[in-house]
Amino acid sequence: MAEAGAPRPCQDGDVKVRPYHPDDEASCLALFDGNTPRFFAQAERPDFAAFLAALSDPYLVIEEGGQVVACGGLYVRPGGQEAGLTWGMVERSRHRQGYGRALWEARLDWLRAHAPEVRTVVLDTTQHSAPFFARLGFGTVGVRPDFYAPGLDRHDMRLTVPGGA
C-alpha cells in the first residue's frame, strides 16, 4: 500500500476507506484548499463543490482517527470498458506516506467488484501529480500547458488494466 521507503498509513488500524457522505463536504473542501495552488487552481474550487453536491458516481474517502485525510472518485464510461478517476486528493501533510496509493487501490478494488470489464483507466492531472500516477503504471498521452491556470499544466494519462479491473 505505501510507496517504497514511505511510512505506511493504517499502522494502528485506525484508517478506513468508505463511501463519501454529504457530511464530508467541508472536510473534502478543506483538502482541496490545502492542496491549492500547487495541485489545484483556486478557480476550480466552485467546480469541485458543485461536483460534490451532485455526485452520481462512486466517491470515496479515507478516514484516519475520524478525520477525512483523502478523497477521490471514479466513473465507468458507457460501454463499460473504460473508467476514469475524479477529484483525487490527499491532505498535504500526508503526501508521500502511502495514502494516494491506498486511494488508488480502493478505487481499483471498486472497479474489480462492480465493473470487472473495465480495460482502461483514464485521468487528467497536473505535472505535479503525473509522476505519482506514472509510478502506478499510467502513461501520459497528452499535455496541455497552462490548462488549469498559468503554470498548471494538464496531463492526460491512461492505464491499460491487464485482464480487466
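Below is a table of values for the structure above.
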{"quantity": "Residue match in segment 103-112 (condition: free of Cβ contacts under 8 Å to residues at least 60 places away in the same chain, surrounded by 14 or more Cβ atoms within 10 Å (Cβ to Cβ) and assigned to a strand (DSSP E or B))", "calculated": "no"}
{"quantity": "Whichever residue in segment 127-147 is part of a strand (DSSP E or B) and under 17 Å from the mean Cα position of the chain (by Cα) and, among such residues, is surrounded by the fewest Cβ atoms within 10 Å (Cβ to Cβ)", "calculated": "139"}
{"quantity": "Residue selected from segment 27-64 under the condition among the charged types (D, E, K, R) and over 19 Å from residue 126 (Cβ atoms), by the criterion farthest from the chain's Cα centre (by Cα)", "calculated": "64"}
{"quantity": "Within segment 59-94, tally of residues that are in a loop (DSSP other than H, G, I, E, B) and buried (at least 20 other Cβ atoms within 10 Å of the Cβ)", "calculated": "1"}
{"quantity": "Residue in segment 89-97 that is in contact with a Phe, Trp or Tyr (Cβ under 7 Å, 6 or more places away or on another chain) and more than 13 Å from residue 120 (Cα to Cα) present", "calculated": "yes"}
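Readers should treat all values here as calculations from the given coordinates under stated rules, not as data from a laboratory. Fair warning: this is a prediction, and the values are worked out from it, not measured in the lab. Heads up, the Cβs are rebuilt from the backbone with ideal geometry, glycines too, and the neighbour counts pull from every protein chain shown.
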